[in-house]
Every structure is written in C-alpha cells, then in structure tokens.
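The values are calculated or read from the model by the stated rules, or taken from the named source; none is laboratory data. It should be emphasised that the depicted structure is a prediction, and the values quoted were computed from it without experimental measurement. Glycine also receives a Cβ, built like all others from the backbone with ideal geometry; neighbour counts cover every protein chain displayed. Accessible surface areas use protein heavy atoms only, side chains included; no ligands, DNA or RNA. Shrake-Rupley method; radii C 1.70, N 1.55, O 1.52, S 1.80 Å.
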Amino acid sequence: MKQIYPATITGKGFAEGGSVLDHRFGSSEPFTLGVEEEYMLLDPQSFDLVQHVDTVLTAAMDGEFDDHIGPELMQSVLEISTPICKTAGDVDRELRKLRAHVGRAAHSHDLRVGSAGTHPFSLFERQRITARDRYRNLVDQLQYVARRELIFGCHIHVAVDDADKAVHVISALLVHLSELLALSASSPFWRGEPTGLSSSRQMVFAAFPRSGPPPRFSDYDDYAEVVGQLEKTGCIADYTHIWWDIRPHPRFGTIEVRVMDAITRVEETVAITAYVQGLVKHYSELYDAGKELPSYHRILVTGRRNRVPIAQLIRRALRDVEPHARELGSDRELEGIREILDRGNGADRQLRIFNANRDILEVTREISDATEAGAAVST
C-alpha cells in the first residue's frame with residue numbers, strides 16, 4: 001500500500017470499552033481521489049511473468065515517482081498509486097504518467113508490463129515472495145492461501161469528511177459491488193484455462209480471511225471496537241489486514257473500494273473511478289440531508305426478488321450518479337461506463353481473442369499492448 005493521503009492523524013473514534021482507532025476523516029477535501037493499480041512484469045517474448053520487481057523499482061526511482069511506486073507480495077508484481085486527485089480527469093492524467101514511467105523503466109531492462117485481474121497462464125508455484133517483512137509474515141500466517149495469491153487488483157479511494165458518514169456510505173455501497181466487479185472484470189483465465197468466470201481473481205481472493213463484503217456497523221465506534229478486538233486477540237496487526245471488498249481507511253480518511261480486478265485500459269479505470277466518486281457523493285449528500293441510507297446484511301447484497309441484468313442496474317445507478325459527476329467535473333470521464341456496457345469489459349475482450357484461435361499467448365500480448373497504450377497522453 002503506497003501512501004495516497006497524508007498520514008497525520010487528526011481525529012479519534014472511541015469505541016465501547018475505551019478502544020481507540022485514530023482517523024483522518026474530514027482532514028482532506030471531500031470526494032478527492034486516489035487510485036492504486038497492480039501490474040504484471042512480463043518477459044517480452046514468452047509473456048510469462050518474471051521475478052524482477054527490484055530491478056524495475058531501481059530503474060523507476062528518479063525522485064518524482066518514488067512515493068508512488070512499490071512492490072507487492074510477489075516479485076513479479078509492481079504497484080502504483082496516484083497522488084491526491086480532485087477529478088477523474090486528474091486521475092486519467094496521473095495514471096497515464098505512471099504507466100508511461102513504469103513502462104519506460106521496464107523496457108530499459110527488456111521487460112513489459114500488463115494490467116489484468118490474473119495472468120492468463122503463469123503459475124503461482126513459480127513465483128517468489130518479495131523480501132519484505134510484511135509479505136514474509138503474511139505467507140507464514142496464511143501459507144498456501146497466500147502463496148496462491150497471484151492476482152492483481154485496482155483500489156479506488158474517495159475522501160469523506162466524517163467517520164460515521166463513511167461507515168454508513170459503505171453500507172449503502174454494498175449493493176453496487178457486483179456492478180463494480182462486472183465493469184472491471186478482466187480475469188477469465190487461471191493457469192492457462194478458461195474458468196467460465198469473468199473474474200476468477202475474485203474467487204481466488206475469497207480464500208483470504210476477512211475478505212468479501214464487510215459486515216454492517218452502526219457507526220465508526222462500532223467498527224473501531226471490532227478492529228480493536230481483532231488486534232487485541234492477535235488476529236491482525238492492524239486494520240490494513242482486513243481485506244474486505246470495501247472498507248474504511250482511517251489513516252487516509254477515505255472509503256477504499258477494493259472489489260475491482262486490475263483493469264487493462266486506462267480509460268476504463270478512469271470511468272469506474274468517476275462512477276465510484278459519484279456514488280460516494282450521492283450517498284454522502286443523502287446522509288447529510290438526514291435521509292436513511294440503504295443497508296443490507298452482506299449475505300443479501302446480491303439477492304433480489306427479481307433477477308435483473310447487471311447492465312440494467314448500472315444504467316439505473318447512472319441516473320443518480322450523473323448530476324454528481326457534473327458537479328465534480330468528472331462527467332466526461334463517466335461516459336466511459338456506457339462504453340464498457342456497449343463494447344464489453346476486459347474479460348469479454350480476452351475471451352474474444354482466445355476464441356478466435358485458442359492462443360493464450362496472444363491474449364497475454366494484447367493485455368500488455370493495451371496496458372502500455374494507456375501511457376499515451378490523454379487529449
């Protein structure tokens with residue numbers, strides 16, 4: 001996790017029994033954004049994963065980007081994070097700069113990069129764990145579950161100005177998690193085989209403890225008490241070891257949406273960022289107006305009396321989001337959601353390429369080509 005928001009702590013949540021979880025909700029301008037993406041490091045001929053994250057990091061460290069590029073669990077994975085952005089257009093600009101910089105660093109050592117929820121054919125057994133205490137401790141604790149985690153995600157942070165508000169907005173957003181996963185899904189392959197799933201990444205990560213949708217909390221203190229008990233009993237070192245699909249991030253003062261696959265095309269990452277930002281603003285304003293926000297038990301968030309196509313649910317949600325996107329200056333980028341609905345997501349594109357001639361290497365090459373194309377300057 002790279003630092004997107006400043007780390008100074010300004011607020012505190014007091015839970016029953018005296019537990020405290022400091023937070024920074026309200027210390028940043030509401031609805032500002034930060035985005036994290038995880039990239040594959042690839043051999044330029046075989047397009048298999050390569051264990052060269054330290055080499056690429058060394059090449060990429062030039063002062064300007066040092067705080068926005070880092071390692072991940074596997075040595076074949078590199079993570080980037082944008083600086084704080086006000087609009088989705090700002091995210092577009094920063095992501096393109098970061099993709100260009102990482103791409104140049106990789107190419108300088110005859111490597112490529114790619115962005116998708118899983119590598120189509122590489123095997124987790126051949127990956128080495130990054131030499132950092134956090135990752136070694138994670139593997140020591142979770143063993144096979146952690147070693148199997150050869151997956152790549154996209155996380156979107158949105159700043160919220162009140163801790164209790166953040167908790168209630170998260171509950172309201174649970175019904176949108178399936179939409180966000182559908183829009184971002186880019187992992188139809190696992191170990192060289194089509195899985196029949198658009199996001200096999202989600203199934204792999206489901207083996208992690210404290211994953212999936214979060215439980216409901218009555219307020220921030222309720223959340224802080226649960227975190228305190230998990231820390232007290234030794235289940236977690238801190239709240240960042242709770243890997244829900246969406247969670248509060250107290251140190252940043254943000255809602256962090258984590259359900260998305262890593263996304264190949266930068267314009268789709270940007271569109272989904274605008275969608276998330278608009279949803280957070282929509283529910284935040286309902287909360288400020290004293291309206292009751294929707295809240296469901298996490299096992300019911302995808303349950304509906306009548307089955308509705310996910311595209312229809314997204315188009316309905318867009319009616320609520322579009323006015324907020326205009327106010328935020330992200331309406332142009334939000335239009336990309338309709339383009340995803342019209343032409344398909346990353347999984348659809350991968351499967352079209354694969355079904356043409358059953359060539360899994362061609363699928364991986366296209367992922368890398370489209371990822372690196374996102375380094376072009378936005379117009």
Highest GNM mean-square fluctuation among Tyr223, Tyr283, Tyr135, for the chain with Cα springs under 10 Å, belongs to Tyr135
Cβ charges +1 (Lys, Arg) and -1 (Asp, Glu), total dipole of segment 15-105, debye
320
Size of charge dipole - the chain - debye, nearest 20, with Cβ of Lys, Arg +1 and Asp, Glu -1, no other charges:
960
Say each of Gln51 and Arg358 gets a label point 7 Å from the Cα, pointing the same way as Cα to Cβ; how far apart are those two points in nm?
3.3
Using a 1.4 Å probe, how large is the accessible area of Phe121, given in Å² and rounded to the nearest 10?
50
Percent of C-alpha pairs per 10 Å bin, the chain, short to long:
5, 24, 35, 26, 9, 1, 0
Ser211 versus Asp238, label points 7 Å from Cα toward the beta carbon: distance in nm?
2.3
Taking Cα atoms, the helix 346-357 axis meets the longest principal axis of the chain at an angle in degrees (rounded to 10) of 20
With Cα atoms, 0 to 90° folded angle of helix 310-328 axis to the chain main axis:
70
With bins 5 Å wide starting at 0, give me the P(r) of segment 279-379 over every alpha carbon pair, in whole percents.
2, 9, 13, 15, 16, 16, 12, 9, 6, 2, 1, 0
Using a 1.4 angstrom probe on the protein heavy atoms only, line up Trp243, Trp190 by accessible area, largest first.
Trp190, Trp243
Amide N of segment 49-86 lying under 19 Å from the label point, which is placed 7 angstrom from the Cα of Glu29 along Cα→Cβ
82-86
Provide, as a two-decimal number, the C-alpha radius of gyration of segment 99-192 over 2.2 N^0.38 Å, N being how many residues it has.
1.42
Can you give the accessible area of Arg326, probe radius 1.4 Å, in Å² rounded to 10?
140
Kindly express, to the nearest 10 degrees and within the range 0 to 90, the angle between helix 360-373's C-alpha long axis and the longest C-alpha principal axis of the chain.
60
What accessible surface, in Å², does a 1.4 Å probe find on His282, ignoring ligands, DNA and RNA and rounding to the nearest 10?
30
Mind checking which of Thr264, Pro309, Leu180 is farthest towards the positive end of the chain's charge dipole, using Cβ charges of +1 (Lys, Arg) and -1 (Asp, Glu) about the Cα centre?
Pro309
Given the C-alpha centroids of segment 340-375 and segment 155-185, what is the distance between them in whole angstrom?
28
Normalised by the number of residues in the chain, what is the relative contact order in percent for Cα pairs under 8 Å and 6+ residues apart?
24
